[in-house]
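Visitor: One structure, pasted below without further comment.
The values are calculated or read from the model by the stated rules, or taken from the named source; none is laboratory data. What you are looking at is a predicted structure, and each value in this text was computed from that prediction instead of being measured. Cβ placement follows ideal geometry from the backbone for every residue including glycine, while neighbour counts extend to all protein chains displayed. Please note that ligands, DNA and RNA were not included when accessible areas were found on the heavy atoms of the full protein model with its side chains. Shrake-Rupley method; radii C 1.70, N 1.55, O 1.52, S 1.80 Å.
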Amino acid sequence: MALLVGIATVFFSDVLFAGSNFYYRDLFIYHFPMKHIVREAMISGEFPFWNRFYSNGQPLAANPAYELFYPPQWLILTGSYTFGFALHILFHVYAALVGTFLLLRTMTLGRAAATFGALSFGMGGFLLGSMTMLPTFFVWALAPLVGWSIVRALCAPGPSTVAVAALLAGVQLIIAEPMAILQVWLLIAVCVLVFARRQTGVLAAIGGAAMLVAAVLIVPAIDHARDSARSRGIAFNVVRQYSLPPSRPLEMAIPHLYGVLDPFAAAYWGAAAFDRGAPYLSSLYNGIAVAILVLAGLILRARGSLTVVVLSLISYLLAIGDRTPLLRALYDAGIARGIRYPEKFAALAVVTMTFFAASIADRLLSGDEKARRSAIAAGLIIFLISVVPLFFARSLGQPRLEALARREWLIGLAFAAAATLLLAALPRVPRRAWLLVAFAVVLLDLVLVDSELVTRMPRSFFTPPAVVAGFEADRNDYEVMHRGEWNAEDPNYHALRAAFGPWFSRNGLQPFSLDAWGVRSALELDFDETALLPTHDLLDAMMKVGNRGFAHWAESFAAISNVRYLVDYLPLANVLSQHGPVEQARMVRLTHLPSTGRYYFPQQIVHALTPDDVVAFIERTGIQRPVAFVPFVPPTPARAQVLNVSERANGATIDVICEERALLVATVTRHKYWHATIDGKPAPLLPVNIAYQGLMVPAGRHRVEMRYRNPLVIAGGMVTVLSVAACAAVIATAPTRPRHRPRSGS
């Protein structure tokens, strides 16, 4: 285990010791700012029920995307934020390596086979490639530790082993990535039914206790799902996105079959095979040795072969999505309406095969000659398969891509040949020397792929770009709308992205990176479909106005959302004409707008029963002055003034003075857990401007208090605290048992 941890530490030494960090795909534009908000909320001194930074406010604690209650995420509090962000990711690499080794040893595999399995999984392309989607990455990184604890509980049932398994499984459930968790527990359940059928009661007890441990997230998350866009179901065209290309399983033996994902290489020649020009899972490749040993095990008809085949077929049929009628049938039946990106189901096959390969490696290393001959045959078959792409290199049509493809495919061919030769040489070479050479080949094979998948950027990339200084200093008083992101079909957008690569994400202020620099944003695309329903109604209305060609669509919706700045991309020619290093290139322009303030008294109140009424009004006249759209009988605008505002994480105090009864608008997303008082007396909150809220204030000088509390977070938290305390008490009072070294065997 020390060796495995040391390998990961060396591979990621630039991140741990030199300030480099992870940025690729969603990591920088989504997870980096989100974790920054969570960190700031955790150290604010208030419990973070509410996030003030996104979409004029959204639930934080109840939204699984923030992973507030996930203990390993608390590592973001370590040192500087950028270091804590990297550390909480790397923790999961270590957990995967150690967990896989422990699980395989508990399954009685020898040390060499367990080390091979741990390397193939923990440093494999599948796991490290999924790092850009942190919830998926976290679930699969913890899966071996959860499996290890469950195997211990099944082998030695008792309160303490069940409690340990429940704690680890509960922590994994808190991640709340449903498709990954479903696959993990399907794999566990199948293994128990096949190999330990009498222990299903123990597994059920672990699952039930784990749900109680995770109640702090599960209870409010179910409630939040009913209040978010997920409650309306996901459109089929979104569900089907990222369906697995039918031929992609070949990538398990040919790592660069579709190209090189490294953005600096600009050489992903198989983009046309994917719905969105790139895969969801960056890689399915866990090493050539895994591919050879899986095929060898199937040739051998080794124990577990049928299970591997069945699980892999289920995985494949689900992963290819709408390429068969199955997904559409599941969607129409209401089963698949809440899932996204079928390619995620490929993980089930990749993980199953990796562990199966480790079991075949154990047979091979224990001297099973039949296993060795089968592995040699499998190596020759895979070598021949790896030769085939070389004949199609010319079809890429570009000399640079052809040369790169040939090089990558020849490297893959060389590893297939080396593995096959090693298998042939096994009886003739001293065991220790053979293991060292085999270890080096496996490690080098994985590292070459990992270096492409886990690209990093230097420390300077994670500092605010110069354009951020252009925002007014009091960034708690207004929001910013990135209008350029709503024009993502603009050729200029794609030209900038191609010309500047990762720096486009930073210097272009791609959402949600603004929030990482302490700037609040509004009217953003809801990437993960977890925003509240009123927010989606507002965005739908805005898109209707924009799609109908109204010139000032952004300005109109900015006016009712307290947006003070619009962000637009500069033309590529303007950016290229600038002098200086790329990290200083200015890629956006800021347009200053008049803003009402987060809390204001409107000069015009319009009766609008539905969002379509708001759309019709804006299309007719636009918005010229502070306005409020209300679905109730509109009161007469009154002379009134906001005197002072004091905001907190979960509320605000607003001092106002009114000459007569007036409507106070709060540009804060409405939700059922918001409550208000006027001079300490409860006051009803009313829907305003589609997504926001307001309240009627009587004449005179008053203090308005708004407060957000989610009682289900508190209730779920009490269940979790009691459950964790009970598990800890059981573990602490359990009698110590003598340690038994696992035997080597199959």
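Visitor: Any idea how many residues of the stretch 437-454 are part of a helix (DSSP H, G or I) and touching a strand residue (DSSP E or B) at 6+ places or on another chain (Cβ under 9 Å)?
Guide: Summing the residues that are part of a helix (DSSP H, G or I) and touching a strand residue (DSSP E or B) at 6+ places or on another chain (Cβ under 9 Å) in the stretch 437-454 gives 1.
Visitor: A further question follows. Of all residues in the stretch 606-659, how many are closer than 30 Å to residue 41 by Cα, open to solvent by 60 Å² or more (accessible area, probe 1.4 Å) and of a type outside the set (A, V, I, L, M, F, W, C)?
Guide: Of the residues in that region, 2 qualify.
Visitor: Regarding residue 518, is this residue closer than 20 Å to residue 566 by Cα and more than 24 Å from the chain's Cα centre (by Cα)?
Guide: no
Visitor: Might you let me know whether the stretch 720-727 holds any residue that is closer than 23 Å to residue 640 by Cα, open to solvent by 20 Å² or more (accessible area, probe 1.4 Å) and not in a strand (DSSP E or B)? Even if it seems obvious, please write down each step before you answer.
Guide: Taking the stretch 720-727 as the starting set, the residues that turn out to be closer than 23 Å to residue 640 by Cα are none.
The answer is no, given that none of the residues of the stretch 720-727 is closer than 23 Å to residue 640 by Cα, open to solvent by 20 Å² or more (accessible area, probe 1.4 Å) and not in a strand (DSSP E or B).
Visitor: Going through the stretch 540-564 one residue at a time, which ones are open to solvent by 10 Å² or more (accessible area, probe 1.4 Å), without any contact (Cβ under 8 Å) to a residue 60 or more places away in the chain and in a helix (DSSP H, G or I)?
Guide: So the first thing to find is which residues in the stretch 540-564 are open to solvent by 10 Å² or more (accessible area, probe 1.4 Å), and the list is 540, 543-544, 546-553, 555, 559, 564.
This time we only want the ones that are without any contact (Cβ under 8 Å) to a residue 60 or more places away in the chain, so: 543, 547, 549, 551.
If the condition is that a residue be open to solvent by 10 Å² or more (accessible area, probe 1.4 Å), without any contact (Cβ under 8 Å) to a residue 60 or more places away in the chain and in a helix (DSSP H, G or I), then 543, 547 are the ones that fit.
Visitor: Return the total of residues in the stretch 565-579 being touching a strand residue (DSSP E or B) at 6+ places or on another chain (Cβ under 6 Å) and open to solvent by less than 10 Å² (accessible area, probe 1.4 Å).
Guide: So the count comes out to 2.
Visitor: Looking at 613, 568, which is the one that is in contact with a His (Cβ under 8 Å, 6 or more places away or on another chain) and either under 17 Å from residue 485 (Cα atoms) or not hydroxyl-bearing (Ser, Thr, Tyr) (or both)?
Guide: Every option except 613 fails the conditions.
Visitor: State yes or no: is residue 654 of a type in the set (A, V, I, L, M), touching a Phe, Trp or Tyr at 6+ places or on another chain (Cβ under 6 Å) and within 16 Å of residue 688 (Cβ to Cβ)?
Guide: Against the criterion (of a type in the set (A, V, I, L, M), touching a Phe, Trp or Tyr at 6+ places or on another chain (Cβ under 6 Å) and within 16 Å of residue 688 (Cβ to Cβ)), residue 654 qualifies.
Visitor: Please work out which residue is nearest to the chain's Cα centre (by Cα), limiting yourself to the stretch 619-648 and to residues that are among the small types (Gly, Ala, Ser) and modelled with pLDDT of 90 or more.
Guide: Restricting to residues being among the small types (Gly, Ala, Ser) and modelled with pLDDT of 90 or more, the top hit is 646.
Visitor: Just the residues that are touching a Ser or Thr at 6+ places or on another chain (Cβ under 9 Å) and open to solvent by 40 Å² or more (accessible area, probe 1.4 Å), please, taken from the stretch 152-163.
Guide: If the condition is that a residue be touching a Ser or Thr at 6+ places or on another chain (Cβ under 9 Å) and open to solvent by 40 Å² or more (accessible area, probe 1.4 Å), then 152, 155, 159 are the ones that fit.
Visitor: Provide a single number: the residues in the stretch 467-502 that are of a type in the set (A, V, I, L, M, F, W, C) and closer than 29 Å to residue 668 by Cα.
Guide: 9
Visitor: Report, by residue number, each residue of the stretch 37-56 that is in a helix (DSSP H, G or I) and either open to solvent by 30 Å² or more (accessible area, probe 1.4 Å) or of a type in the set (Ser, Thr, Tyr) (or both). Quick ask: steps written out before the conclusion?
Guide: We begin by selecting, within the stretch 37-56, every residue in a helix (DSSP H, G or I); these are 37-42.
Result: 39, 40, 42.
Visitor: Out of curiosity, is residue 535 among the hydroxyl-bearing types (Ser, Thr, Tyr), outside any loop (DSSP other than H, G, I, E, B) and open to solvent by 30 Å² or more (accessible area, probe 1.4 Å)? Reasoning before the result, please.
Guide: Values: among the hydroxyl-bearing types (Ser, Thr, Tyr): yes; outside any loop (DSSP other than H, G, I, E, B): yes; open to solvent by 30 Å² or more (accessible area, probe 1.4 Å): no.
Answer is no for this residue.
Visitor: Okay, next question. When only residues in the stretch 657-669 that are part of a loop (DSSP other than H, G, I, E, B) and over 45 Å from the mean Cα position of the chain (by Cα) count, which is farthest from residue 695 (Cα to Cα)?
Guide: Across the stretch 657-669, the extreme among qualifying residues is 659.
Visitor: Still on this structure, please answer the following. Restricting attention to the stretch 7-36, which residues are of a type in the set (A, V, I, L, M), open to solvent by 10 Å² or more (accessible area, probe 1.4 Å) and farther than 30 Å from residue 443 by Cα? Outline the logic, then answer.
Guide: Our first condition is that a residue be of a type in the set (A, V, I, L, M); within the stretch 7-36, this holds for 7-8, 10, 15-16, 18, 27, 29, 34.
If we keep only those that are open to solvent by 10 Å² or more (accessible area, probe 1.4 Å) as well, we get 7, 10, 16, 18, 29.
Within the stretch 7-36, just 29 meets the criteria.
Visitor: Among the residues of the stretch 459-484, write down those that are open to solvent by 20 Å² or more (accessible area, probe 1.4 Å) and in contact (Cβ under 8 Å) with a residue 12 or more places away in the chain. Explain how you work it out, then say what you get.
Guide: In the first step, residues of the stretch 459-484 are kept if they are open to solvent by 20 Å² or more (accessible area, probe 1.4 Å); the result is 459-460, 463-464, 466, 469-470, 472-477, 483.
Correct list: 459, 460, 464, 466, 470, 472, 475, 476, 477, 483.
Visitor: Mind checking whether some residue in the stretch 456-477 is assigned to a loop (DSSP other than H, G, I, E, B), modelled with pLDDT of 90 or more and of a type in the set (S, T, N, Q)?
Guide: Yes, there is a match, as at least one residue in the stretch 456-477 is assigned to a loop (DSSP other than H, G, I, E, B), modelled with pLDDT of 90 or more and of a type in the set (S, T, N, Q).
Visitor: I've got another one for you. What pairs come out if I take residues in the stretch 259-275 that are in a loop (DSSP other than H, G, I, E, B) and pair them with residues that are open to solvent by 50 Å² or more (accessible area, probe 1.4 Å) whose C-beta lies under 8 Å away, six or more apart or interchain?
Guide: Between residues of the stretch 259-275 that are in a loop (DSSP other than H, G, I, E, B) and residues that are open to solvent by 50 Å² or more (accessible area, probe 1.4 Å), the close pairs are 266/498; 275/240.
Visitor: In addition: Residue 59 - would you say it is within 30 Å of residue 224 (Cα to Cα) and surrounded by fewer than 24 Cβ atoms within 10 Å (Cβ to Cβ)? So that I can check it myself, show each step before the final result.
Guide: Values: within 30 Å of residue 224 (Cα to Cα): yes; surrounded by fewer than 24 Cβ atoms within 10 Å (Cβ to Cβ): no.
Taking the combined requirement at face value, the residue does not satisfy it.
Visitor: Sort out which residues of the stretch 66-115 are open to solvent by 20 Å² or more (accessible area, probe 1.4 Å), assigned to a loop (DSSP other than H, G, I, E, B), touching a helix residue (DSSP H, G or I) at 6+ places or on another chain (Cβ under 8 Å) and in contact (Cβ under 8 Å) with a residue 60 or more places away in the chain, and write them in order of number.
Guide: Those that are open to solvent by 20 Å² or more (accessible area, probe 1.4 Å), assigned to a loop (DSSP other than H, G, I, E, B), touching a helix residue (DSSP H, G or I) at 6+ places or on another chain (Cβ under 8 Å) and in contact (Cβ under 8 Å) with a residue 60 or more places away in the chain: 69, 107.
Visitor: Okay, moving on. Give the number of residues within the stretch 674-710 that are open to solvent by 30 Å² or more (accessible area, probe 1.4 Å) and closer than 18 Å to residue 57 by Cβ.
Guide: 7
Visitor: Looking at the stretch 487-526, which of its residues are closer than 23 Å to residue 542 by Cα and hydroxyl-bearing (Ser, Thr, Tyr)?
Guide: 493, 513, 521, listed by residue number.
Visitor: Residues in the stretch 33-57 that are of a type in the set (S, T, N, Q), over 19 Å from the mean Cα position of the chain (by Cα) and under 19 Å from residue 77 (Cβ atoms): how many?
Guide: Going through the stretch 33-57 one residue at a time, the tally reaches 1.
Visitor: Next question, about the same structure. Which is touching a residue at least 60 places away in the same chain (Cβ under 8 Å) and out of contact with any Ser or Thr (no Cβ under 9 Å at 6 or more places or on another chain), of 516, 522, 488?
Guide: Result of the check over 516, 522, 488: 516.
Visitor: Go through the residues of the stretch 296-319 one by one and say whether even a single one is open to solvent by 30 Å² or more (accessible area, probe 1.4 Å), in a loop (DSSP other than H, G, I, E, B) and hydrophobic (A, V, I, L, M, F, W, C).
Guide: no
Visitor: Continuing with this model, one more query. Residues that are closer than 29 Å to residue 191 by Cα and either in contact with a helix residue (DSSP H, G or I) (Cβ under 9 Å, 6 or more places away or on another chain) or at pLDDT 95 or above (or both): find the helices (runs of 4 or more DSSP H) completely inside the stretch 320-436 holding 2 or more of those.
Guide: 325-332, 346-365, 369-387
Visitor: Is it true that residue 707 is part of a strand (DSSP E or B), under 30 Å from residue 524 (Cα atoms), within 31 Å of the chain's Cα centre (by Cα) and not aliphatic (A, V, I, L, M)?
Guide: In short, yes.
Visitor: Moving to a separate point now. From the list 413, 436, pick out the single residue that is under 21 Å from residue 291 (Cα atoms) and surrounded by fewer than 13 Cβ atoms within 10 Å (Cβ to Cβ).
Guide: Answer to the check: 436.
Visitor: While we're looking at this one, here's another question. Would you tally the residues in the stretch 493-530 being part of a helix (DSSP H, G or I) and among the acidic types (Asp, Glu)?
Guide: 1
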